[in-house]
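Structure first, then comments.
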Amino acid sequence: MANTHRNDLTIYDDVADRWWSDDIRWVRTLKNMVPGRLKWFDRHIHWSGKDVLDLGCAGGFVAEALDDRGAIVTGIDPAKDAIAAARTHAAANDRQIAYHVGVGEDLPYPDQAFDAVVSVDVLEHVADLDLCLRQVARVLRPGGLFLFDTINRNPLARFATITMAEDVLRLLPQGTHDPALFIKPAELRESLRAAGLSPGTFTGLGPRGINRRGDMIFGRLPTTAIIYMGTARLAG
């Protein structure tokens, strides 16, 4: 059962005005995860010229990295203040990224609108995973790719992401995650198939070192026990 005191999505609006400032440790942690994620995602798709949806874009870290790769990027997130920050930062840097306020369970886009959908640190937060995945499949073009990461559901993942990351190290605000919403890889594969998506490779994501500021550097790991990345493709 979901914990009403957890899965606190207001944290993204609370820091929206400082999203790009680099002065909030947990926001820097999210930013530092982007290169490791995309290094692996880049193996599966050539971004240039592709219409890509960043589902759960927050203030725009992944969206801008995809824009750098030549993708035609749209971002959507329920945090309206974070979206405002993303729009402001994109405009200040002459980026043509379209940002919208909305949720994954009700995407405001026509069928077959995108070549790819990217969704990082999102699936473990949505209210209805199956509906969200059906929406992803609906907006993908035939042969389109879904690229994602999420958190496994087991005692080790709970200890690492809540006890350590939230309560001890304070890498994330307390209450960010609800462990009841974490997703086992086998469950996610089943839900992807039910939505009409064919699961591809899954792999781990986690700390690979420390930078000069004392923040973690992230990259691919061989284990999916805690955070894992994956792909799924719509039949072409």
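The values are calculated or read from the model by the stated rules, or taken from the named source; none is laboratory data. Here the structure is a predicted model, which is why all the values come from computation and not from measurement. Glycine gets a Cβ as well: all are built from the backbone with ideal geometry, and neighbour counts include every protein chain shown.
Are any residues in the stretch 103-130 loosely packed, with under 15 Cβ neighbours inside 10 Å, at pLDDT 95 or above and under 25 Å from residue 178 (Cβ atoms), and if so, which ones?
If the condition is that a residue be loosely packed, with under 15 Cβ neighbours inside 10 Å, at pLDDT 95 or above and under 25 Å from residue 178 (Cβ atoms), then 106, 128, 130 are the ones that fit.
What are the pairs, 6+ residues apart or on separate chains, where a residue within the stretch 168-184 that is assigned to a loop (DSSP other than H, G, I, E, B) and modelled with pLDDT of 95 or more has its Cβ under 6 Å from a residue that is surrounded by 15 or more Cβ atoms within 10 Å (Cβ to Cβ) and of a type in the set (Asp, Glu)?
Filtered contacts from the stretch 168-184: 182/124.
What residue, among those in the stretch 88-111 that are free of Cβ contacts under 8 Å to residues at least 24 places away in the same chain and not in a loop (DSSP other than H, G, I, E, B), is nearest to residue 9 (Cα to Cα)?
So, considering only residues that are free of Cβ contacts under 8 Å to residues at least 24 places away in the same chain and not in a loop (DSSP other than H, G, I, E, B), the one nearest to residue 9 (Cα to Cα) is 88.
So is residue 58 of a type in the set (A, V, I, L, M) and part of a loop (DSSP other than H, G, I, E, B) or not?
So residue 58 passes the test.
Among what's in the stretch 21-40 and is among the β-branched types (Val, Ile, Thr) and within 15 Å of the chain's Cα centre (by Cα), pick the residue that is modelled with the highest pLDDT.
Across the stretch 21-40, the extreme among qualifying residues is 34.
Going by the conditions given, is residue 117 in a strand (DSSP E or B) and closer than 14 Å to residue 232 by Cβ?
yes
Do we have residue 165 as closer than 23 Å to residue 205 by Cβ, assigned to a helix (DSSP H, G or I) and touching a residue at least 60 places away in the same chain (Cβ under 8 Å) here?
Answer is no for this residue.
List the residue pairs whose Cβ atoms are under 6 Å apart, where the first residue sits in the stretch 208-231 and is touching a residue at least 60 places away in the same chain (Cβ under 8 Å), the second is of a type in the set (Val, Ile, Thr), and the two are 6 or more positions apart or on different chains.
Filtered contacts from the stretch 208-231: 208/217; 211/217; 220/203; 227/151; 229/203.
For residues that are within 23 Å of residue 217 (Cα to Cα) and in contact with a strand residue (DSSP E or B) (Cβ under 7 Å, 6 or more places away or on another chain), scanning just the stretch 56-78, find the one that is surrounded by the fewest Cβ atoms within 10 Å (Cβ to Cβ).
In the first step, residues of the stretch 56-78 are kept if they are within 23 Å of residue 217 (Cα to Cα); the result is 56-69.
Then drop every residue that is not in contact with a strand residue (DSSP E or B) (Cβ under 7 Å, 6 or more places away or on another chain), which leaves 56-58, 60, 62-63, 66-67.
Values: 56: 25, 57: 28, 58: 28, 60: 27, 62: 28, 63: 28, 66: 27, 67: 21.
Ranking the candidates gives 67 first.
Could you please tell me which pairs satisfy a Cβ distance under 8 Å, a separation of 6+ or placement on different chains, a first residue in the stretch 1-21 that is closer than 15 Å to residue 89 by Cα, and a second residue that is surrounded by fewer than 16 Cβ atoms within 10 Å (Cβ to Cβ) and modelled with pLDDT under 95?
The qualifying pairs are 15/24; 18/24.
One residue is enough: does the stretch 121-131 have a residue meeting the conditions closer than 12 Å to residue 197 by Cα and not basic (Lys, Arg)?
Within the stretch 121-131, one or more residues are closer than 12 Å to residue 197 by Cα and not basic (Lys, Arg).
Among the candidates 201, 224, 176, 231, which residue alone is surrounded by fewer than 16 Cβ atoms within 10 Å (Cβ to Cβ) and of a type outside the set (Phe, Trp, Tyr)?
Values: 224 fails: surrounded by fewer than 16 Cβ atoms within 10 Å (Cβ to Cβ); 176 fails: surrounded by fewer than 16 Cβ atoms within 10 Å (Cβ to Cβ); 231 fails: surrounded by fewer than 16 Cβ atoms within 10 Å (Cβ to Cβ).
On inspection, the qualifying residue turns out to be 201.
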